[in-house]
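Okay, so here's the structure we're looking at.
Nothing in this text is a laboratory measurement; each read-out follows from the coordinates by a stated rule. All figures in this text were calculated on a predicted structure; none of them were measured in a lab. Methodologically, a virtual Cβ is constructed for each residue, glycine included, from the backbone with ideal geometry; neighbour enumeration extends over all protein chains shown.
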Amino acid sequence: MVVLGAILGYPIYNLIRLSLQQYGLFELLQHHGVPVGLRNFSSILHDQIFWHTLVRTIVFTVVNVGLTMSVGMLIALLLTRVSAWVRILLAAGLVLVWSMPPVVAVQIWQWMTNSQNGIVNYVLTELHVGNYFQHDWYVTPFSQLALVTTLVVWGALPFVTITLYAALSQVPRELTEAAEIDGAVAWRVFRDVTVPVIKPALLILTSLSILWDFGIFTQPFLLIGQGHIIPANYLMGIYLYEEGYVKTEFGRGAAISILMLVIVAAMSVVYVRRMLKIGAET
Amino acid sequence: MRSRSAWNTVGVALFVVMAFPVFWMVSTAFKADDQINSITPTWFPLHPTLSHFRAALARPYFWTDVKNSLIVVLATVLIATAVAFLAAVALAKYRFTGRGAFIVLMIGIQMLPGAGLIIPLYVVLARYHQVNALSGVIITYLTFALPFCVYTLRGFILGIPKDLEEAAMVDGSTRFGAFAKILLPLVAPGLVATAVFTFVTSWNEYIFARTLLNDQSKQTITVWLSYFLGTGRQTDWGALMAASTLTSIPVVVFFLLVQKRIAFGLTAGAVRG
């Protein structure tokens, strides 16, 4: 138990200690840092890039979580309405997508969206959405992050959908039928009967998605490409990596981590409280 | 029923859209170069070729890095399940001081954005000369795998009635005997689920492997794959897709094996509330 506690606690202890030190390459070789109090924090809070990145990341998180949850909910509802063979087909597809390693998914996305002969440009042009012949998706930060969003939502949908579908199957049939007999329209039945029953699942999935999307690194880092990562398309995970690891300012990096942790904890307060409650009860 | 067939059509269309990227990866991997590079796409590889797979396998460090991945993943899975099992038993069965704090700590680690731990881990591992060593990566993965494994296994153990164990002990079994004969078989599904979870996450992991391992001969397969595009002008999409297919095969196989159990395990906690 002690060993386990040490494995888990040591990094966090170090994180806090590092954030109060100047710890660069020189200190890394010396194996000890120079205490600087809260200077790391104040320098970050005075960094324009930090605030821009934070706003961008919050917008990114809201859009990604919103899309994941609403589309996931729609697909889960669809699963309850289709014939059995379609349900199995769709579930198999979802599990297949779920099992794609993120790094692999990024490579597929790059291949599908490459400007020379990407299939996305071809399909969009053929469907007369517009002329996307040799359209380059990697030019503006907005379209870069839009691509990252489609990749992230695509990868997150299976887990959310399958969990929501399982939750939906717990909704007692008599309840929804009774509401329908009473003349409630489909939307009202969903809002007033279904949602309250699946609320715990909805809350936990939303909080988990916030945790994952806020700190996301692999997908934007690889999809945008290391050479094209600039402050204008930073997300928090990448800002942390660039400031702390690339510039070998580990103290500053640790301070960013702590700020991220506080922000993400505030954003997903429901999940935290719930887990603490479960942890305390049992 | 008309509405049912309409929903079915939507469902099938959705399946096509969702699964298309995976299909496109596999399909590209088997296509000849002129089909891949043409402006008009070829949807199905009617004359499949294995040349891209051969090209991918012949790339430098492919086998070395697969071997590295296997070493890291297997060591992580074995240590994580063994330690997590003992810790979960301790958490579920015995009261000890600091138990609450321990649970909070586990949840805290799970909450940290993955990127947030690179820095302290890098510094700590550098202190003990574990940077650029597979052992350092294994330790790192354990910090992530353990909380989840402990938490999941604890749920399984709590589900076992205490009477069962006590009955075995009354019948003259030792504590260890009761443990091996009663507890172990009952938590076996939990062990399988956590082992698979650990396997998949460590096999897929990228950021820590990337930052902790600088030597090409020491990298894992995901890092190898991420460097595939490289700096070359002409991208070898066929070989890249073949390599991607190979990288995802172990995960797909494991997912198909335990798909139902994972979905169930994840939902059990979410729905119970």
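Points worth noting:
- Counting only other chain Cβ atoms within 10 Å of each residue's Cβ, the peptide B:4-14 averages 6.
- Along the axis of the charge dipole computed for the protein assembly as shown (Cβ charges of +1 for Lys and Arg, -1 for Asp and Glu, origin at the Cα centre), the listed residues A:THR248, A:LEU18, B:VAL12 are led at the positive end by A:LEU18.
- 35 Å tail of the calculated P(r), the protein assembly as shown, as % of Cα pairs: 41
- Per the Cα gyration tensor, region A:1-134 maps to an equivalent ellipsoid with semi-axes of 45, 25, 17 Å, ordered largest to smallest.
- P(r) histogram, all alpha-carbon pairs of region B:124-247 included - 5 Å bins from 0, percent: 2, 9, 14, 13, 12, 11, 10, 9, 7, 6, 4, 2, 1, 1, 0
- Proxy reagent accessibility, fewest Cβ within 10 Å first, across A:TRP51, B:TRP203: A:TRP51, B:TRP203
- Inter-chain Cβ neighbour average for residues B:16-27, partner chain, 10 Å: 5
- Cα gyration tensor shape of region A:66-224, rounded if a/c is under 1.5, else prolate or oblate by comparing a/b with b/c: prolate
- Kyte-Doolittle mean at least 0.0 and Cα axial length at least 20 Å: DSSP H helices in chain A: A:2-19, A:48-81, A:84-98, A:141-168, A:195-214, A:250-267
- Average projection, convex hull of the Cα set of chain A: 20.6 square nanometres.
- Charge dipole (Cα centre; +1 on Lys/Arg Cβ, -1 on Asp/Glu Cβ; no other charges) of the protein assembly as shown amounts to roughly 840 debye.
- Cα-based Rg of region A:143-282 normalised by 2.2 N^0.38 Å, two decimals: 1.40
- Mean separation of Cα contacts under 8 Å, 6 or more apart, over the residue count of chain A: relative contact order %: 30
- Cα-centre dipole for region A:2-281 with unit charges at Cβ (Lys and Arg positive, Asp and Glu negative), debye to 20: 400
- Gyration tensor verdict on region B:1-75 (Cα atoms; rounded if a/c is under 1.5, prolate if a/b is larger than b/c, oblate otherwise): oblate
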